[in-house]
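A.B. asks: Structure below; questions to follow.
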Amino acid sequence: MATDDGFAARSSAWTARVEAALQRALPAAQSEPQRLHAAMRHAVLAGGKRMRPLLVYATGALFDADDALLDAPAAAVELIHAYSLVHDDLPAMDDDDLRRGQPTVHIAFDEATAILAGDALQTRAFEVLAQAGAPAALRVEWLAALAAASGASGMCGGQALDIDATGASQALEALQRMHALKTGALIRAAVRMGAMAGNADTDTLSRLDGFASALGLAFQVRDDILDVEASSEQLGKTAGKDAAQAKSTYPALLGMAGAKAKLDELARAMQAALVPFGPRADALKALGELAINRSH
């Protein structure tokens, strides 16, 4: 899988679209309650890879879906991701003071405001989908997909398993299941929402689920490797947190060489899942490569 100038241009255009959509979705910082609104904007607009919105656009492109139709699910999935980071950084969770190279929301504001900002971002995501300029049936499909990925059967459930496992040794299968929920569910939802916009059939959705599942796990394996090998400055968040909290990770269970071999295996699985789509899947292939080779 290789990135090229064509993908770079498309990625830049899609990133600009989702940034504009997020600006529209967020309340003005000067409106009341100002502190809450400022915290929401702090959480969302401080940068980030925008991997999940890019997956919405890249999957939609497989089916020639209009980018304008994809703006709402792209923004919604990023709002959910941002809310999850705000809550993940709280003292009761991972207790971190650095995110995307700046103070986390509870440090920049306060803990109560951070909790409310996360709550407001989550509910705003579903408002964005409900109000999207799309057929009602499609909006319902999007809402159901994002809700399932965000709740107890998805991201929140994975976070709960992560908390339960802190300080304890996990088997590899348990670790993979946890990350399939905590990280993978939202990535699968991003891909699914893009495909739904293109009226993908059941078999196509299943194949794309295979790609997204491999990508979600690869994203987490790479995260675990970077937590060991990269600095806090490179990551934009505190490095070495996993070891400090005695968490099971892929390098801890497989060794660094084994974790990197796992990453290669997942790269092959992503490629295999996308073969039937041919060159139309080049943008998805490029995003898979970026997830595997990223330095932060």
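The values are calculated or read from the model by the stated rules, or taken from the named source; none is laboratory data. Only a predicted model underlies this, so the values are computations on that prediction, with no experimental measurement involved. Backbone-built Cβ (ideal geometry, glycine too); neighbour counts: all protein chains shown.
A.B. asks: Could you count how many residues in the stretch 184-200 are surrounded by fewer than 23 Cβ atoms within 10 Å (Cβ to Cβ) and either at pLDDT below 95 or touching a Gly at 6+ places or on another chain (Cβ under 7 Å) (or both)?
C.D. replies: Looking only at that region, the number is 1.
A.B. asks: Taking the criterion of being surrounded by 21 or more Cβ atoms within 10 Å (Cβ to Cβ) and within 17 Å of ALA189 (Cβ to Cβ), would at least one residue in the stretch 169-177 satisfy it?
C.D. replies: no
A.B. asks: Still on this structure: Based on what the data block shows, is LEU55 in contact (Cβ under 8 Å) with a residue 60 or more places away in the chain and not in a loop (DSSP other than H, G, I, E, B)?
C.D. replies: yes
A.B. asks: Let me ask something additional. How about the stretch 204-235: which of its residues are acidic (Asp, Glu) and at pLDDT 95 or above?
C.D. replies: ASP209
A.B. asks: Got a sec? Which of ASP67, ASP71 is in contact (Cβ under 8 Å) with a residue 40 or more places away in the chain, surrounded by fewer than 19 Cβ atoms within 10 Å (Cβ to Cβ) and out of contact with any Gly (no Cβ under 6 Å at 6 or more places or on another chain)?
C.D. replies: Among ASP67, ASP71, only ASP67 is in contact (Cβ under 8 Å) with a residue 40 or more places away in the chain, surrounded by fewer than 19 Cβ atoms within 10 Å (Cβ to Cβ) and out of contact with any Gly (no Cβ under 6 Å at 6 or more places or on another chain).
A.B. asks: A further question follows. Any residue in the stretch 108-121 that is at negative phi sitting within a Cβ distance under 6 Å of a residue that is in a helix (DSSP H, G or I) and of a type in the set (Val, Ile, Thr)? List the pairs, counting only those 6 or more apart or interchain.
C.D. replies: ALA114/VAL86; ALA114/VAL105; ALA117/VAL86; ALA117/VAL105; GLY118/VAL86
A.B. asks: Just give me the residues in the stretch 121-144 being more than 17 Å from ASP66 (Cα to Cα) and either of a type in the set (Val, Ile, Thr) or crowded, with 23+ Cβ neighbours inside 10 Å (or both), in sequence order.
C.D. replies: LEU121, THR123, ALA125, VAL128, VAL140 - these are the residues of the stretch 121-144 that are more than 17 Å from ASP66 (Cα to Cα) and either of a type in the set (Val, Ile, Thr) or crowded, with 23+ Cβ neighbours inside 10 Å (or both).
A.B. asks: Taking the stretch 88-107 as the region of interest, how many residues are in a helix (DSSP H, G or I), buried (at least 19 other Cβ atoms within 10 Å of the Cβ) and in contact (Cβ under 8 Å) with a residue 60 or more places away in the chain?
C.D. replies: Summing the residues that are in a helix (DSSP H, G or I), buried (at least 19 other Cβ atoms within 10 Å of the Cβ) and in contact (Cβ under 8 Å) with a residue 60 or more places away in the chain in the stretch 88-107 gives 1.
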